[in-house]
Amino acid sequence: MAIQERIPMREQDPEVRITNFLSVPLGYSAEEAVAEAKRCLQCKVPLCETGCPVRMDIKDIINLIADEKFEEAFLLSKKDNAVPAMTGRVCPQEDQCEGKCVLDKTGQPINIGKLFAFVADWARDNELMDETTPQENGKKVAIVGSGPASITCAVDLRKLGCHVTIFEALHMAGGVLQYGIPAFRLPRDVVDYELSYLEKIGVDIQLNQVVGQNVDFEELKKDYDAIYLATGAGAPRFLNCEGEKLKGVYSANEFLIRVNLMKAYKFPSWDTPIFCGNKVGVIGCGNVAMDSARCAKRLGAKEVYILYRRTKQCAPARAEEIHHAEEEGIIFKEMISPCRMLGNEDGWVTGIEMVKTEFKGTDKSGRPRPVNIEGSEFIMEVDTIINALGTTPNRLFLSNVPELETHSWGGIKVDDNFMTNIPGVFAGGDALSGGSTVIEAMGNGRDAAESINKYLNK
Amino acid sequence: MKHTITRKEDLNAADYVIDVIAPKVAKKFRPGNFAVLITRSNGERIPMSIEKAEGDKITMYIKRLGKTSRELDTWNVGDALYKVIGPMGTPPPLKKYGTVVFASDLVCGHAENNAMCRELKKIEGNHVISIQSFPTKEDVYPEKERAKKDADEYILATGDGSVGRKGHMIDVLQELLEERKIDMVFAGGDIPALQKLSELTKKYNVPVMTTVRQIMVDATGMCGSCRVFIDGEQKLACIDGPMFDGHKVDWEAAISRLAMFKGKEAEAMECYNEKMKAVV
Ligand SMILES: Cc1cc2nc3c(=O)[nH]c(=O)nc-3n(C[C@H](O)[C@H](O)[C@H](O)COP(=O)(O)OP(=O)(O)OC[C@H]3O[C@@H](n4cnc5c(N)ncnc54)[C@H](O)[C@@H]3O)c2cc1C
Ligand SMILES: Cc1cc2nc3c(=O)[nH]c(=O)nc-3n(C[C@H](O)[C@H](O)[C@H](O)COP(=O)(O)OP(=O)(O)OC[C@H]3O[C@@H](n4cnc5c(N)ncnc54)[C@H](O)[C@@H]3O)c2cc1C
Ligand code: FES
């Protein structure tokens with residue numbers, strides 16, 4: 001039997017979308033979603049579910065979509081995932097559910113991500129919410145940070161009846177979902193809607209509360225029965241090479257916070273400025289690099305280069321992001337590594353010296369290891385450099401709580417139940433791992449909620 | 001939380017003082033902290049040194065510089081800021097230093113000067129000398145807004161000598177360093193001047209901590225915009241500072257980076273002026 005092809009996703013034309021920050025995928029219509037869901041083989045043993053870090057009932061949800069039971073599909077997806085409209089858009093599905101789909105071998109796995117985004121969007125359009133009224137249990141939990149780990153932990157604990165308060169340092173909630181991932185991938189009305197669910201079920205979100213600065217950790221320990229720390233990993237890593245002090249050199253986080261959180265793309269009607277030149281070099285090839293490059297393009301840069309020491313086949317970015325970036329004219333320069341940055345007498349960056357690399361053996365992650373080819377240095381002219389080399393755990397909170405045990409690289413240490421060395425204080429998300437994915441952070445938040453609940457009922 | 005302005009007065013033709021309701025910030029304030037202001041929902045996050053905290057209010061000295069500071073200047077008592085966040089930063093330790101000087105020549109420095117002297121003087125064993133310099137007589141802040149009452153000794157200077165000593169804070173400090181033993185110098189204000197001041201204290205082998213103002217975005221240590229280089233090591237002014245050992249700061253980089261958005265700032269100001277013209 002010939003395999004029916006994936007129902008294609010309608011998208012904004014690349015020429016048009018590089019002039020705006022609107023969503024690139026336009027989303028499935030109900031007919032398209034049903035047709036895509038009907039392709040599902042409804043395997044006896046649904047491998048897709050084993051690929052999902054939060055173990056969603058993928059098979060049943062797809063079946064409900066195929067039967068046009070969108071409301072039921074939505075409620076079932078909400079059971080294990082507080083924010084399906086977001087994960088449907090940003091999960092690396094090719095490494096998870098879709099990667100495990102038996103149809104993946106044919107190159108045409110079910111488009112699970114887009115189906116889930118469809119159901120969640122449908123619920124939003126129809127003003128449908130999962131109406132849980134929790135039974136109060138009298139326990140109070142404080143959560144530090146409002147990223148995906150916190151969101152999941154908060155929802156789970158609230159559903160169990162805890163009084164949950166989230167403390168967020170920034171003036172908007174969502175963590176990376178708000179300040180990092182651009183609106184053309186994750187529209188902000190989607191983020192706002194998903195967050196409004198938390199408030200609806202009674203989670204108290206307190207913005208502008210920097211725990212360790214204006215909110216005392218000691219006071220939190222006194223006032224709450226348990227604390228969950230999910231302060232993320234936003235601290236930028238730099239190369240520590242010559243020229244990094246130059247004007248025009250950004251960390252990806254600065255570039256993205258300016259654009260996404262502070263809406264610098266609307267400057268000057270919004271106040272925060274951004275400088276983006278004509279020739280932009282982005283160092284790295286993960287999601288963060290793709291987001292930076294694609295934002296730079298939208299800010300009007302003529303040439304945007306991804307500078308990567310491996311090949312894009314080894315890149316950590318989602319396949320869809322690389323594909324979209326290529327469509328948008330981002331130029332991939334592979335097998336090269338940065339040495340130093342060059343500047344003019346006014347202190348502005350003018351170029352970057354790169355060295356060619358070759359593969360020799362494999363590294364710890366199992367990927368081929370790039371080594372520099374001596375003498376192959378060359379200079380590329382650029383007027384903006386964006387460093388997307390990864391991040392390390394946020395230091396602000398940690399430096400205020402010296403008694404909290406951490407690894408040498410800054411990650412918070414926890415036991416098997418996600419409890420830190422301070423009794424009743426749990427931790428999760430990127431603050432533990434130093435950076436992973438939205439759904440891993442969520443899975444982490446869910447496990448921690450379970451441990452916290454056990455701890456509270458000890 | 002409504003961050004209402006409860007006082008707004010001119011300090012001189014360029015600077016003004018505001019008191020704003022911000023109870024949590026006020027409660028945790030220590031001298032050397034700054035606050036992050038967002039005036040409107042589409043505004044920038046701008047750092048401002050806190051001059052003092054009293055009850056549920058904080059006081060800040062603001063220079064009319066670009067769009068945000070000028071627009072805020074058109075607001076009145078009773079108007080409210082969108083967000084006031086903080087206190088941010090890691091202030092230097094308040095302890096016994098011996099004979100300790102705070103020198104300032106600019107709005108933020110003056111605020112820090114007042115704040116630090118007030119607390120340093122309370123510590124036994126400290127002899128606190130405050131130096132404040134202004135360009136000319138008309139620029140000198142009203143007496144109640146100066147560190148005079150907070151320090152053991154107070155030296156006012158003006159560039160043209162129209163009142164107080166003639167010269168800049170650096171000239172006054174140099175005289176002091178010549179005359180007597182100074183154990184510690186703090187300073188805040190104009191960045192190039194702070195570089196010179198740091199070089200001066202080095203000559204006399206006196207330790208110095210100065211504010212290294214840098215452009216900030218989140219001010220929570222997540223963007224690296226405010227990075228400064230201390231003895232070759234990268235630090236973040238928003239969480240590790242903003243006060244650093246002036247002898248170790250890479251001043252050239254600090255001065256250069258502060259000008260990164262000059263072009264954009266001018267554009268914002270122009271747009272704002274156009275808008276104001278349209279209103280009139
Ligand atoms: C640009 C970018 C693109 C990405 N793209 C993808 C993608 O496509 N798919 C994917 O799966 N993953 C992606 N990721 C990774 C993913 O976003 C993260 O793994 C995930 O957000 C981690 O969640 P978290 O809850 O641990 O922390 P975060 O989302 O980092 O949230 C932490 C929050 O804690 C707050 N905080 C920190 N300190 C304090 C304090 N002292 N007091 C109060 N609040 C504090 C911070 O302000 C922040 O809001 C991307 C990351 C970035 C930066
Ligand atoms: C720790 C710290 C404490 C400060 N304390 C004071 C103070 O007490 N009083 C005071 O008047 N000013 C203070 N400043 C400077 C103040 O933040 C800027 O003057 C303000 O942001 C200018 O905004 P604007 O729109 O009016 O001007 P713009 O036209 O936007 O900028 C004018 C100049 O201000 C500086 N600046 C602009 N944006 C920022 C930013 N986001 N972060 C830091 N500097 C910026 C730059 O040097 C710029 O060239 C402080 C800055 C820092 C970093
Ligand atoms: S302002 Fe972003 S790290 Fe300091």
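The values are calculated or read from the model by the stated rules, or taken from the named source; none is laboratory data. It should be emphasised that the depicted structure is a prediction, and the values quoted were computed from it without experimental measurement. Counting neighbours? That spans all protein chains shown, and the Cβs are built from the backbone with ideal geometry, glycine included. For accessibility, only protein heavy atoms count, side chains too; no ligands or nucleic acids. Shrake-Rupley method; radii C 1.70, N 1.55, O 1.52, S 1.80 Å.
Here is a yes/no grid of residues against (1) open to solvent by less than 20 Å² (accessible area, probe 1.4 Å); (2) outside the structural domain of A:A296 (by TED's automatic domain parsing); (3) farther than 28 Å from A:C153 by Cβ:
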| position | (1), (2), (3) |
| --- | --- |
| A:V210 | yes, yes, no |
| A:N214 | yes, yes, no |
| A:F217 | yes, yes, no |
| A:K221 | no, yes, no |
| A:Y224 | no, yes, no |
| A:L229 | yes, yes, no |
| A:E244 | yes, no, yes |
| A:Y250 | yes, no, yes |
Practice task
Return the pairs, sorted by first residue and then second, in which the second residue is among the hydroxyl-bearing types (S, T, Y) and not in a loop (DSSP other than H, G, I, E, B), the first residue lies in region A:44-72 and is free of Cβ contacts under 8 Å to residues at least 24 places away in the same chain, the beta carbons are less than 9 Å apart, and the residues are 6+ apart or on different chains.
Solution key: A:D57/A:S77
Exercise for the section: Would you be able to say whether some residue in region B:194-215 is within 14 Å of another protein chain (Cβ to nearest Cβ), without any contact (Cβ under 8 Å) to a residue 60 or more places away in the chain, assigned to a loop (DSSP other than H, G, I, E, B) and among the hydrophobic types (A, V, I, L, M, F, W, C)? Expected result: yes
Practice task
Determine whether region B:140-160 contains at least one residue that is within 16 Å of ligand 2 (Cβ to nearest atom) and not in a loop (DSSP other than H, G, I, E, B).
Solution key: yes
Fill in the blank from the handout: The one condition A:A35 fails out of (1) in contact with a Leu (Cβ under 7 Å, 6 or more places away or on another chain); (2) part of a helix (DSSP H, G or I); (3) among the aliphatic types (A, V, I, L, M); (4) more than 19 Å from A:D125 (Cα to Cα) is (1)
Handout entry: Residue check, A:G174 small (G, A, S), closer than 30 Å to A:N253 by Cβ, modelled with pLDDT of 90 or more and open to solvent by less than 10 Å² (accessible area, probe 1.4 Å)
Key = yes
Problem - Flag if A:D204 is within 11 Å of chain B (Cβ to nearest Cβ) and either free of Cβ contacts under 8 Å to residues at least 40 places away in the same chain or at negative phi (or both) - result: no
Practice task
Go through region A:252-273 residue by residue and tally those that are within 16 Å of ligand 1 (Cβ to nearest atom) and open to solvent by 10 Å² or more (accessible area, probe 1.4 Å).
Solution key: 3
Practice task
Can you confirm whether region B:6-16 contains a residue that is part of a strand (DSSP E or B), of a type outside the set (D, E) and within 11 Å of chain A (Cβ to nearest Cβ)?
Solution key: no
Problem - One residue from A:L64, A:L47, A:L76 being at negative phi, touching a Lys or Arg at 6+ places or on another chain (Cβ under 8 Å), of a type in the set (A, V, I, L, M) and not assigned by TED's automatic domain parsing to the domain that holds A:G180 - result: A:L47
Problem - Listing of strands (runs of 3 or more DSSP E) fully contained in region A:130-243 that carry 1 or more residues being closer than 16 Å to A:A82 by Cα and within 16 Å of ligand 2 (Cβ to nearest atom) - result: none
Practice task
Quickly run through region B:33-77 and pick out the residues that are more than 9 Å from every other protein chain (Cβ to nearest Cβ), more than 19 Å from B:E9 (Cβ to Cβ) and within 16 Å of ligand 3 (Cβ to nearest atom).
Solution key: B:F34, B:P47
Problem - Hits in region B:31-61 (condition: assigned to a loop (DSSP other than H, G, I, E, B), open to solvent by 40 Å² or more (accessible area, probe 1.4 Å) and out of contact with any strand residue (DSSP E or B) (no Cβ under 6 Å at 6 or more places or on another chain)) - result: B:R40, B:S41, B:E44, B:G55
Exercise for the section: Just name the residue that is most open to solvent (accessible area, probe 1.4 Å) out of those in region B:233-253 that are away from ligand 1 (no atom under 16 Å from the Cβ), in contact (Cβ under 8 Å) with a residue 12 or more places away in the chain and within 9 Å of chain A (Cβ to nearest Cβ). Expected result: B:D250
Completion exercise
Restricted to region B:254-273 and to residues being within 20 Å of B:L197 (Cα to Cα) and touching a residue at least 24 places away in the same chain (Cβ under 8 Å), the residue farthest from the chain's Cα centre (by Cα) is B:R257
Exercise for the section: With respect to B:V212, determine if the residue is within 16 Å of ligand 2 (Cβ to nearest atom) and either of a type in the set (A, V, I, L, M, F, W, C) or not assigned by TED's automatic domain parsing to the domain that holds B:E153 (or both). Expected result: yes
Exercise for the section: Examine region B:148-170 for a residue that is open to solvent by 20 Å² or more (accessible area, probe 1.4 Å), more than 14 Å from chain A (Cβ to nearest Cβ) and within 30 Å of A:N253 (Cβ to Cβ), and state whether such a residue exists. Expected result: no
Completion exercise
A:G147 vs (1) surrounded by fewer than 16 Cβ atoms within 10 Å (Cβ to Cβ); (2) under 27 Å from A:D189 (Cα atoms): all pass except (1)
Practice task
Check whether at least one residue in region B:217-238 is within 19 Å of the chain's Cα centre (by Cα), away from ligand 3 (no atom under 14 Å from the Cβ) and among the aliphatic types (A, V, I, L, M), and report yes or no.
Solution key: no
Problem - Residue satisfying condition, being closer than 25 Å to A:S436 by Cα and surrounded by fewer than 21 Cβ atoms within 10 Å (Cβ to Cβ), within set A:E72, A:E49 - result: A:E49
Problem - region B:210-232, residues that are open to solvent by 40 Å² or more (accessible area, probe 1.4 Å) and either within 16 Å of ligand 1 (Cβ to nearest atom) or under 28 Å from B:E178 (Cα atoms) (or both) - result: B:D231
Fill in the blank from the handout: Within region B:62-88, residues within 16 Å of ligand 1 (Cβ to nearest atom) and not in a strand (DSSP E or B) come out as none
Completion exercise
Apart from one, (1) open to solvent by 10 Å² or more (accessible area, probe 1.4 Å); (2) at pLDDT 90 or above all hold for A:G88; the odd one out is (1)
Exercise for the section: Filter region A:288-329 down to residues that are of a type outside the set (D, E, K, R), surrounded by fewer than 24 Cβ atoms within 10 Å (Cβ to Cβ) and in contact (Cβ under 8 Å) with a residue 40 or more places away in the chain, then give me how many there are. Expected result: 7
Handout entry: Residues satisfying the stated conditions in region B:78-96, i.e. more than 14 Å from chain A (Cβ to nearest Cβ), in contact with a Gly (Cβ under 8 Å, 6 or more places away or on another chain) and open to solvent by 10 Å² or more (accessible area, probe 1.4 Å)
Key = B:K96
Problem - Condition check for B:I170: touching a residue at least 40 places away in the same chain (Cβ under 8 Å), closer than 30 Å to A:V259 by Cα and not aromatic (F, W, Y) - result: no
Practice task
Take region A:99-114 and flag every residue that is in contact with a Gly (Cβ under 9 Å, 6 or more places away or on another chain) and either open to solvent by less than 50 Å² (accessible area, probe 1.4 Å) or not basic (K, R) (or both).
Solution key: A:G99, A:C101, A:P109, A:I112, A:G113, A:K114
